[in-house]
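This report concerns only the one structure given below.
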Amino acid sequence: MTTVMRYVQHRITSHPTGEISVSAQCLDPDCRWASAVIPDVAAVDVACLSHTGRTGHPTFARRYEDVALVTRVE
């Protein structure tokens with residue numbers, strides 16, 4: 001019995017009908033600020049910029065979650 005394996009190219013993208021959720025949390029040790037979990041990356045970035053403007057805290061952990069779709073490249 002012989003097995004033939006060939007290289008097949010695939011691509012991974014966000015699923016076109018999947019939902020995206022984004023959030024951020026300030027990493028200053030004395031701060032408990034966190035953004036809401038929403039589907040708008042730009043709005044979370046603006047919230048982080050506003051927080052830095054108010055507090056001077058420059059570092060955030062951003063979380064991005066989506067549904068991935070892997071498709072074969074023909």
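Pull up region 60-74, narrow it to residues that are assigned to a loop (DSSP other than H, G, I, E, B) and of a type in the set (Asp, Glu), then point me to the one that is modelled with the lowest pLDDT.
Selected residue: GLU74.
Scan (1) part of a loop (DSSP other than H, G, I, E, B); (2) touching a residue at least 12 places away in the same chain (Cβ under 8 Å); (3) open to solvent by 60 Å² or more (accessible area, probe 1.4 Å) for the single condition HIS57 breaks and write down its number.
Result: HIS57 passes all but (3).
Evaluate the following for VAL46: is it among the aliphatic types (A, V, I, L, M) and modelled with pLDDT under 95?
Against the criterion (among the aliphatic types (A, V, I, L, M) and modelled with pLDDT under 95), VAL46 does not qualify.
Give the number of residues within region 29-54 that are of a type in the set (Ser, Thr, Tyr) and surrounded by 13 or more Cβ atoms within 10 Å (Cβ to Cβ).
Residues flagged as of a type in the set (Ser, Thr, Tyr) and surrounded by 13 or more Cβ atoms within 10 Å (Cβ to Cβ) within region 29-54 amount to 2.
What number of residues within region 1-28 satisfy the criterion of being in contact (Cβ under 8 Å) with a residue 40 or more places away in the chain and surrounded by 10 or more Cβ atoms within 10 Å (Cβ to Cβ)?
Selection size over region 1-28: 9.
Would you pick out the residues in region 8-48 that are touching a helix residue (DSSP H, G or I) at 6+ places or on another chain (Cβ under 9 Å) and of a type in the set (Gly, Ala, Ser)?
SER23, ALA24, SER35, ALA36, listed by residue number.
The values are calculated or read from the model by the stated rules, or taken from the named source; none is laboratory data. All values reported here derive from a predicted model rather than from experimental measurement. A quick note on method: Cβ atoms are made from the backbone with ideal geometry, for glycine too, and the neighbour counts reach across all protein chains shown. SASA here: full protein model, heavy atoms, side chains in, ligands and nucleic acids out. Shrake-Rupley method; radii C 1.70, N 1.55, O 1.52, S 1.80 Å.
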